[in-house]
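The values are calculated or read from the model by the stated rules, or taken from the named source; none is laboratory data. All figures in this text were calculated on a predicted structure; none of them were measured in a lab. Every residue, glycine among them, receives a Cβ derived from its backbone with ideal geometry; neighbour counts consider all protein chains shown.
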Amino acid sequence: MARKRSPKRRWYVMDLHLHTPASSDYQQPDISYLDILRRAEARGLDIIAFTDHNTVAGYRRMTEEIRQLELLEELDRLLPEEKARLDEYRRLLKKILVLPGFEFTATLGFHILGIFPPEKPVREIEHLLLTLNIPPEKLDEGSATVGATSDVLTAYRLIDEAGGLVIAAHANSSNGVAARNVPGQTKISYTQDPHLHALEVTDLEKKGRHTTQAFFNGTKPEYPRRMHCIQGSDAHRLVGEGRNLGVGDRATEVLLPEVSFHALKELFLSNDFARHRPHRPKEPQEDFIQQAREEGANLIQAFHEKMTVRGGRLYAIIADVCAFANTNGGTLYIGVSEDPKKPPIGLDNPDQAAAELARQISERITPPLEVTIDTHETQGKKILRVLVPRGDDPPYAVDGSKIYVRSEAETGLAVRDEIVDLVLRGLKNHKKAHTDAAAQGKSPSTAEAVPPLPPDAPRTGVEVVSVTERDGTQYYTLRDLRNGNVVKNVTKSSARRLWHYAISRYAKLPADVSKARGVHWEGDRGVLRKYKQGKKWHYDLVQRTPEGYRFFFGVTEEGIVGPWKDVVGLED
């Protein structure tokens, strides 16, 4: 399916970097956890996380206090002031999602936020900290200095594998993985790792090409992965004072279908970068589409006023989708010009246009590519936004043969070396998927698993390996028997002459080939058809195996080897 519909969402305010008195450097050690929740409510926060230094003691102490009050309630021994405190906890925790977490100090002093769902047992989080080499005697100290721990990449991986959100804390400043003093190769490694979900930055409200968010927007060759950038207060006190921020003083708004850890993680795993923004409670929020227009067309975004077939406008959109998938991913805006001073044209029927575009992408781009198409409004006009991921199975092609790539603000046909790079990238992704599956004790999916050719397989013609259906279109996996090359996602309309013949003949076969008429069987091998083309005889063959049937079409006499000679009646 090419189109993903967006669920109904609303904006929520979050601060995912809060310290508590469990951190040794907290500036107001006498405040209570209830005070922090009350302050979060006063600042309009919907989601917060307790992220003390190398410990989850703050979150644990709050939950232990609540459990103790609940136990007293069960025993009917609650004092009036205790009942009031328990009622207040219950009220606030219904209103605010509080997530457990920690701020981990990796080797070389880099700080990493690990944030977990509320149902994650605290003991499991503490076990993770021990695995990350936090000394047992310092597990409750809440100190940022804990000696030799684990390196950054190991921490990313272990937190992610434990089900947590991995966020580089204050990435662009002190102890951050993207600070100015971090060497280039180290910065690339620490900011492009697939286990890292987001960067927390301190300049999110600033604009311009020198901001951290602009640097990690996917346009730089060394940093092809676009990063989600958020901000957090890193509060070490309840109310801000001077340069020391308080709860919610540097918050982020996120567009979610619900307040939950799952929804938050889904956002950070998506390629929708318009669903988080700095929280500005006293200022109107900017039109992100107009903001994109002011940035102009570039490696990761393009603009199209119309999507009509006439003039090649629709094809230009399809080519851009293909190019984004082959390059770094990107966003298309349809119904608006890139000129920020020109009023938007908009689309008369955006829902119909979205459905047609989804159909075109599904039918014309191979291999299948999942994009998100949604409707937005800018300056009173409805437009379409198309979110295109960086594809996992390149190269992607339009109409089966035209491979496009993105270079700066232009889309063009890939040259030979670019196609080679795309193929190598695709092979690397496939190898990693198989390695990951093996590490998890899983087998590759049947769609990916292609059975090897037996030694006595025909040497010419084409094998139909498998067929799948998506959105009403049949996609075939074919193998060229001359060289063994496997080609996936071939459709009848995109197939070359022999491939087209093989697909057509395969489609006419009955579900149970053993009952097909006219098949000449010799044991487990059979001849489906013998025909003459020019002066040469050709054969369509079938072989019965324990896994099912294998089909070979258009095999010439020089391709018949081994037992097949007896089946077709050729002499050695």
Within segment 109-124, count every residue that is free of Cβ contacts under 8 Å to residues at least 40 places away in the same chain and not in a loop (DSSP other than H, G, I, E, B). 2
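Residues checked against (1) among the acidic types (Asp, Glu); (2) closer than 18 Å to residue 114 by Cβ; (3) outside any loop (DSSP other than H, G, I, E, B):
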site: 233; (1), (2), (3): no, yes, no
site: 238; (1), (2), (3): no, no, no
site: 246; (1), (2), (3): no, no, no
site: 249; (1), (2), (3): yes, no, no
site: 254; (1), (2), (3): no, no, yes
site: 258; (1), (2), (3): yes, no, no
site: 262; (1), (2), (3): no, yes, yes
site: 265; (1), (2), (3): no, yes, yes
site: 268; (1), (2), (3): no, yes, yes
Please go through segment 276-314 and give me each residue that is out of contact with any strand residue (DSSP E or B) (no Cβ under 8 Å at 6 or more places or on another chain) and not in a loop (DSSP other than H, G, I, E, B), ordered by number. 291, 294, 298, 310, 311, 312, 314
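Report the residue count in segment 190-206 for those that are in a loop (DSSP other than H, G, I, E, B) and surrounded by 14 or more Cβ atoms within 10 Å (Cβ to Cβ).
Total meeting the criteria: 9.
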Please find, within segment 210-231, the residue that is modelled with the highest pLDDT out of those that are assigned to a loop (DSSP other than H, G, I, E, B), out of contact with any helix residue (DSSP H, G or I) (no Cβ under 8 Å at 6 or more places or on another chain) and surrounded by fewer than 16 Cβ atoms within 10 Å (Cβ to Cβ). 210
Pairs needed: first member in segment 516-532, in the same structural domain as residue 505 (by TED's automatic domain parsing); second member anywhere, of a type in the set (D, E, K, R) and surrounded by 13 or more Cβ atoms within 10 Å (Cβ to Cβ); C-beta distance under 7 Å; at least 6 residues apart or different chains. 522/566; 524/544; 528/540; 529/540
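Of the residues that sit in segment 13-71 and are basic (Lys, Arg) and within 20 Å of residue 241 (Cα to Cα), which one is surrounded by the fewest Cβ atoms within 10 Å (Cβ to Cβ)?
38
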Exception for residue 234 within (1) in the same structural domain as residue 44 (by TED's automatic domain parsing); (2) out of contact with any Leu (no Cβ under 7 Å at 6 or more places or on another chain); (3) in contact (Cβ under 8 Å) with a residue 12 or more places away in the chain falls at (2)
The strands (runs of 3 or more DSSP E) lying wholly within segment 471-571 that contain at least 2 residues that are touching a Leu at 6+ places or on another chain (Cβ under 8 Å) and surrounded by 13 or more Cβ atoms within 10 Å (Cβ to Cβ) are 486-490, 525-533, 536-545, 548-556
